[in-house]
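Here's the structure, in structure tokens; my notes come after.
The values are calculated or read from the model by the stated rules, or taken from the named source; none is laboratory data. Just so you know, these numbers come straight off a predicted model, no measurement behind them. Glycine gets a Cβ as well: all are built from the backbone with ideal geometry, and neighbour counts include every protein chain shown. Note: accessible area is taken over every heavy atom of the protein model, side chains too, but ligands, DNA and RNA are not part of it. Shrake-Rupley method; radii C 1.70, N 1.55, O 1.52, S 1.80 Å.
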Amino acid sequence: MIRRTIAIGKKEFKHLLRDKRLLFVMIFLPIFLLVIFGYAVNFDVKNIQLSVLDKDQSNLSRSFINSISSSNYFYISSYLKNDSEIKYVLDKKEAQVVVVIPSNFSERIEKKKETAQVQFLIDGVDGNAATIIKSYVDIASIKFNQKLQKEIFAKLGVKFEPLISLEPIFWFNPDLQTTKFLIPGLIAMILIIASVISVSLSLVKEKEHGTIEQLNVSSVNSVELLVGKSAPYIVVAFFDALLILFVGYVLFDVVVKGSMILLLIMTLVYILSSVSLGIFISVISTSQQIAFTLATFATLLPSVILSGFVFPIESMPPIVQIITNITPAKFFIVILRSIIIKGVGIEAFWDQLLYLIAFGTLFLIVAVVVYKNDSATA
Amino acid sequence: MYSIEVNNLTKKFGKFISVNNISFKVKEGEIFGFLGANGAGKSTTIRMLCGILAPTSGDAIVGGYSVLKHPDEVKLNIGYMSQRFSLYNDLTVEENINFFAGVYGLKGKLLDDRKKWVLKIANLNNKENLLTGSLPGGIKQRLALGTAVIHKPKIVFLDEPTSGVDPISRRGFWELINDLSESGTTVFVTTHYLEEAEFCNNIILIDAGKLIAEGNPKDLKTNYLLNDIIEVECDNAVKAMELLEKENFVEETSIFGNNLHLIVNNFYKDKTQIKLLLSDKNNIRVNRVDKIVPTLEDVFIHLLDNKTND
């Protein structure tokens, strides 16, 4: 039993080592994806273009504008001269936000002691970014308000302090870096793509070349065949995982806070359950083309869209939340984030681990059953 | 002693009967030819005999084990080689041998001995490290046979082993089959080449899932075709065939290369009847008219024609 499995595994390894193109793709594609996604997929809103229409042209208006642009989030892309230019800069995307200070700005505050209204026009096309920009603007104007109030009260000889002061601290990811949040998702996505596609192709190749017939007639049983054939790809995928962690550390400062050994064990479980999905696809496909298409379809989209990699599952409609269970990446991402970012142990995610094991077992059983039926009737 | 006993073997796929109640026996160590047109049910039968396809009804005892009850034991005791030469082209000769040896659990001295044997019969001594994909078809075919019987099975199934191989390699391959048979291995072989069927000790012919003839090549030629066969060498064989088909002394016609073979009945007296019709009445030059011993091809065409006429 073991000897036959080893014979098949050895042979498969030789195929892989001789197929330089596949080997190259399996090793370099993961790094390539990591670098591209790591740098390109970024939800941090920085360097916001700010256009200013200052109709007041007073010291006060200038100091208000200064207080906004002095934060690192904004830079002033242009000063406008009249209202008609507002539409132009927003249309041309030369400004993401336009601030319009009315001509009576300083007069209302300093002379009439009234509230002055300042208009902010924010480009709402990207709703997420717009919300973030609004909150930056809010904070900037609250700070300016407080500074101004303090000065006014000081002139009156009254000491002014706000009653409540909020001190938010972001736990786990203090700088709110999206890369830290995204890297675990990337690892999950890359590993599932690499392992499912390669495994699904390997068995189909034997079907296409007719060599599967020879194996069926030999005393090899389906479990030996499927285990032996996927073993080399498990090894390569595991190597990929190490490589991604290393590159993630070098390029994106992603440090594993929790136990490295636990992380590696969990990664192996994840690779195994991905591989059983690959085996399943291989068993139901009749050609490499079909297998490749199915494998891409089953891994790429779900692991990006449904896994919680980018979009939070909690905000999805209930029915879609149920559908998210079709990808093991969903469970692995929770585990990865727990270990890498939070540094917690297995007690925090054992339920996800059970899901992963169940997922892998289910697909493997179905694959073996389908394979047995196929080889008995085809 | 019989190494294969097939009893009322039947396989249905839905309503389609692929193999219809066939029975036959194969003696130990003989070369047994299994013939039939494409789609006649040959592959289905072989798959059942190899224990990878369960029969709908009936059974076969292969190497002492029932394919119905003990398919796994059957698999251990047989070798199988298909027309696709199931070798891995991206592996070397030795890697292919090692792989199949590993699948059958060979090791130690036995492994070394068998490896040497396979290299010898495939004429690949000192060429262990060549990529299998680079070998010529004839050598690949011998290597495929070698790996198929690396575990010294008592019975080997060869499914159209010589298709796509040049005539000289084919002849050499049959010598190899003879050697196997002489060393006591039962060889069960299917082929499309009827001249190859002449090399078999016994033959069965199936058509549409049914067994329609069996026996050794000599018996088949005498028992199944009682009429005389006349070979006619003439110009314009197609035209001549059309003309001859209408004559009452001709039962069947078929073309063999430039020649015509006629199966004639009692109305046939001598060659003047043919010459009269062709050269005198229709101006077709006739070179030669001879009564010949039928070939297996004559017999099978006759048998299969009768079937389709039913």
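If we keep just the residues of segment A:1-59 that are farther than 24 Å from B:Asn98 by Cβ and of a type in the set (Gly, Ala, Ser), which is most open to solvent (accessible area, probe 1.4 Å)?
The selected residue is A:Ala40.
Among the residues of segment A:61-84, is there at least one that is among the aliphatic types (A, V, I, L, M), open to solvent by 20 Å² or more (accessible area, probe 1.4 Å) and in a helix (DSSP H, G or I)?
Checked against the condition, which is being among the aliphatic types (A, V, I, L, M), open to solvent by 20 Å² or more (accessible area, probe 1.4 Å) and in a helix (DSSP H, G or I), segment A:61-84 yields no hits at all.
Output the residues belonging to segment B:1-50 that are assigned to a loop (DSSP other than H, G, I, E, B), of a type outside the set (A, V, I, L, M) and touching a strand residue (DSSP E or B) at 6+ places or on another chain (Cβ under 7 Å).
Correct list: B:Glu28, B:Gly29, B:Glu30, B:Gly36, B:Gly41, B:Cys50.
Test each condition in (1) modelled with pLDDT under 85; (2) in a helix (DSSP H, G or I); (3) not small (Gly, Ala, Ser) for A:Ile31 and report the one that comes out false.
Result: A:Ile31 fails condition (1) only.
Could you tell me which numbered condition A:Leu336 fails, if it satisfies all but one of (1) open to solvent by 20 Å² or more (accessible area, probe 1.4 Å); (2) part of a helix (DSSP H, G or I)?
(1)
Tell me, please, whether a residue that is open to solvent by less than 60 Å² (accessible area, probe 1.4 Å), part of a loop (DSSP other than H, G, I, E, B) and within 14 Å of another protein chain (Cβ to nearest Cβ) can be found in segment B:110-127.
no
Within segment B:81-99, can you find the residues that are outside any loop (DSSP other than H, G, I, E, B) and either open to solvent by 10 Å² or more (accessible area, probe 1.4 Å) or more than 9 Å from chain A (Cβ to nearest Cβ) (or both)?
Correct list: B:Thr92, B:Val93, B:Glu94, B:Glu95, B:Ile97, B:Asn98.
Can you run down the residue pairs with Cβ atoms below 7 Å, 6 or more apart or on separate chains, where the first is in segment B:50-71 and touching a residue at least 60 places away in the same chain (Cβ under 8 Å) and the partner is assigned to a loop (DSSP other than H, G, I, E, B) and open to solvent by 10 Å² or more (accessible area, probe 1.4 Å)?
Qualifying pairs under 7 Å: B:Gly63/B:Asn77; B:Gly63/B:Lys154.
In this structure, does B:Leu111 turn out to be over 21 Å from A:Ser202 (Cα atoms) and in the same structural domain as B:Asp166 (by TED's automatic domain parsing)?
So B:Leu111 passes the test.
What is the residue count in segment B:257-276 for residues that are out of contact with any strand residue (DSSP E or B) (no Cβ under 7 Å at 6 or more places or on another chain) and within 12 Å of B:Cys234 (Cα to Cα)?
Selection size over segment B:257-276: 1.
Answer yes or no: is there a residue in segment A:356-364 that is within 30 Å of B:Leu53 (Cα to Cα), surrounded by 15 or more Cβ atoms within 10 Å (Cβ to Cβ) and not aromatic (Phe, Trp, Tyr).
yes
Determine whether segment B:194-207 contains at least one residue that is without any contact (Cβ under 8 Å) to a residue 40 or more places away in the chain, open to solvent by 20 Å² or more (accessible area, probe 1.4 Å), part of a loop (DSSP other than H, G, I, E, B) and in contact with a helix residue (DSSP H, G or I) (Cβ under 8 Å, 6 or more places away or on another chain).
No, that holds for no residue.
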